[in-house]
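For reference, the structure is listed below as structure tokens.
Read the figures in this text as sums done on the coordinates, not as results from a lab. From a predicted model like this one, the values you see are computed outputs, not experimental measurements.
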Amino acid sequence: MLRHPIAALLRVLWASAAFLFTASIVGIAAAVAASAVLLGFVVHRLAGLIFHLSLAAIKILGSVGLGTLILTSAFLGAVRARQA
């Protein structure tokens, strides 16, 4: 008769241990998923920042290149005018 309450207690403890183990696995999985989402957000923001910075650099270099082209053509036009 004494064995039945102990067996019931062991079943409850086993079920509690299984529940806690499952909950810890789910908690770890949720933490990993949250970390992945946060990392994805950070990488996305960083990629956007790099994209905009490179776009600005291309615009600046394009402006410098266009200015250099205008000055070079003006210089060559002045040289040709002096030669004529």
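Once you have a ≥ b ≥ c as the square roots of the Cα gyration tensor eigenvalues for the chain, tell me rounded if a/c is under 1.5, and otherwise prolate or oblate according to whether a/b is larger than b/c. Cα axes put the chain in the prolate bin. Computed from Cα atoms, the angle from the helix 3-83 axis to the main principal axis of the chain rounds to 0 degrees.
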